1. In nm, what is the difference between 0.36 nm times the number of residues separating Ala666 and Thr198 and their Cα-Cα distance?
2. Just to be sure I understand, if you calculate Rg and Dmax of the Cα atoms in Å for this structure, which of (1) 31.0, 102; (2) 29.7, 98; (3) 27.2, 94 do you get?
3. Among Glu522, Glu555, rank each residue by its count of other Cβ atoms within 10 Å, from fewest to most, as a rough exposure measure.
4. Skipping prolines and chain starts, which residues have an amide H placed within reach, meaning under 5 Å, of the one on Ala499, given they are 5 or more residues away or on another chain?
5. For the chain, with the dipole built from +1 on Lys and Arg beta-carbon atoms and -1 on Asp and Glu ones, taken about the Cα centre, which of Leu61, Leu83, Leu223 lies farthest toward the positive end?
6. Kindly list the residues of the range 381-407 that lie in the label zone of Ala434, defined by a backbone N under 17 Å from the point 7 Å along the Cα-to-C-beta vector.
7. Place a label point 7 angstrom from the Cα of Ser529 along the Cα-to-Cβ direction, then list the residues of the range 605-623 whose backbone nitrogen is under 13 Å away.
8. Mind checking the full-extension length gain between Thr29 and Val157? Use 0.36 nm per residue of separation minus the Cα-Cα distance, one decimal, nm.
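Nothing in this text is a laboratory measurement; each read-out follows from the coordinates by a stated rule. Just so it is clear, the structure is predicted and the values come from calculations on it, not from any experiment. Note: ideal-geometry Cβ built from the backbone for every residue, glycine included; neighbour counts use all protein chains shown.
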Amino acid sequence: MTGYLGGAALGTTALAGTHVWSVISLAITAPGVSTTDDNVTVVWTYSDSLGYAQAAWRVRLLTPLDVVLDDSGWMTGTDLSHLVDYTLSGNSSYVAEVSVRNTDSQVATTTRAFLAEGVPSVTIVNPDVGKLWDVAINGVGYQLLTEGDAQYKRQTVALDAPRFATAETPLNGAIERYTFIADSDLSGGAGQTEGDRTSSSPTRYRDGRGVDPFTTPGVVGLLPTTTKALTATNAGLKLAPVGASLYAVTGDKQLSYLSTLGGAATALTVAAAGTITSLTSDGSKWYAADGTGVWRGTTTDPGAAWSAENAVEVCWAGSRICAAVIGSGTTPNVLKTLTDAGAVEATHLTLPEGQTITALTPGGAYLYFAVYAGNVGAIYAWQIGSSDAPRVVWNLPNGESPRGLFWYQGQLMVRASRNGLGVIYRCPTNDSGAITPVLLAEPLDPVVDGVGSGFTARGAFVYWGWSAMSSTTSGVGIINLTTGGWCKGLEAIDSGGSAVSSCELWQGKLAFAVRGLGIYVEDDELVDSGWFTTSVRDGASALEKVWSEVTLQAEPLTLDAEIDVEYSVDRGQSFIALPGGTMTGNGTVRKTATLGVTSSNLSWKVTLTGGGARLTMVQSKVHILGLADQLLMLPIDCRDDIRAASGARTGRTIGAGVALVRSLEALAQTQVVVQDIDWPQTGLVESYEVLKVDVDAKFKREARTSVNSLGLTAMVTLRRSLR
């Protein structure tokens, strides 16, 4: 059978060619974390790994809730800066977004969050308040609704310290109280920057190293360390458990095996083989392929090849060897199964030259495998033992090609290369072999061609090889199948970020191979220390806040245990040591330290030292800056045709009310200036934060036009600090 991707033969059209995509490096250099300018100039840097020039750019200004405030649209040219046509509100958070397109039609996007400090130097005043309009926001006049349940209200409230709210109470709803924001369960995993957005999860954190958030939900402890079980400099290092032993490819035609943890390795030479490219096991014997044949054995050189098929990759599935074989050309483009005698059982798929079959893995009643050509790829499924032809169950997104597959407990893990960086998909499977891809983590680490991506599993966790986990180490990542979260896992200390080529479970321990260095095995000891950083917390509010104190809570500490906390007020870019922020002492379970910091946002870095350091909660006590606040509730009439305060018609047309509602909704979580109903008498123009905009609609069917008439009301709730 000939394979197809998206209806066309994969590799027979330009879509599946061998085009090499470049990596665009894009970074915003201005604004910084804050600005005092009324109008911001966004500045960026651009470079391309293959030298393609910037052909076009686009700059957008967004609120933290992704409401678009200004959009330059796509502009042709090599410009590296743009003055945004929008006046910033003081003490408000914004997001600058830059997108570029190179001359090879690749697009890259980056963002930077920043704070507009102070208030605008220009205050916009509407002279018609009290004449045409009841109130004005940022100089735009509005008419208030005077009928129905929605009523104008201005209220002064004291911040009553004895009352309190938990993190489940939005800061916007905690006007009269302190709020306690806690990170008490990190089982949702790493990778979350913002902690107070509608899409945020309370169980996720930003980053970490050496910590275990999964084993005991609600407790963060330390991970096990690793021991180097075998030194091997072979670039093709791969692992396969055979019985109680762990076999490894330690030379071009050499295998070595370990029989016991901490024991010495025994080497054997497969003399007739070339450079071994794949190693697998049926549980009692190993199978090694080199592109010209397949060898089978145990503890001695098997001599002649077990099969003469030109297999590059082999896998044991359904009581048979499945092989990716070179049919024509130089890449394995044919899928075959072999009998116990090494003969061909059947040829199941033949692809055009240039296609590569890789990452064979058994999954239930199916064999899953990946096919790629250049940066285009697909996942296939074949029902094991059937005469059915393999079929495509997923065409990967443009620009992504699969490098590793692993099936476990009804989930197919897919590791793909996107512009040379690894992304991971978690794909639930069903009885028909179909999969449902869900992006789990993106871009994590470099993908090294020819190395593959090892996976293994234990209990509720899947492990994958993570190259360059840090600047000095490689290791394994951990996926929690219960929560769907992921985190950095075990490390090979001082591995220099080399590629992890294989992961296996051996005698109950996690083992992984680091290319050019050797085999590392999970130890019973824990690492000396580890750390994690929380997501940025700002209560979904741009107002300044007083962060009064921090409380650490833990399981009883042991003598050697210590928990230390640092804080950040620049959205996690740097951390400051907190005096008195260290928790020590045998049996200690709680520590509270005074913080007394004023900032719109806060995040924590918690360091655990010693095996007895097991954190259960880090909690912040916070309230909006000021001892008393003023709330202002404005029921704004957003009907299409209303009369102004003078009785004159406003001239609005059909659809104007909807546009007015949208413009008001865009003000949420920003700082604005307000002319209240008493402006004609007081002349006051006051600064408020827009907390929320609630919209109410009444429908009326117009018989003459058969078009619904909308009676819209926007209840705008604002707040300002009085003292």
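1. The span from Ala666 to Thr198 would gain 166.9 nm if fully extended.
2. Computed from these coordinates, Rg and Dmax of the Cα atoms in Å corresponds to label (1).
3. Working: Glu522 23, Glu555 16.
With the fewest neighbours first, Glu522, Glu555 line up as Glu555, Glu522.
4. Correct list: Arg515.
5. Leu61
6. Within reach of a label on Ala434, which here means backbone N under 17 Å from a point 7 Å along Cα→Cβ, the range 381-407 contributes 381-383, 391-396.
7. 606-611
8. Working: separation 128, 0.36 × 128 = 46.08 nm, distance 4.12 nm.
Going from the current span to full extension adds 42.0 nm.
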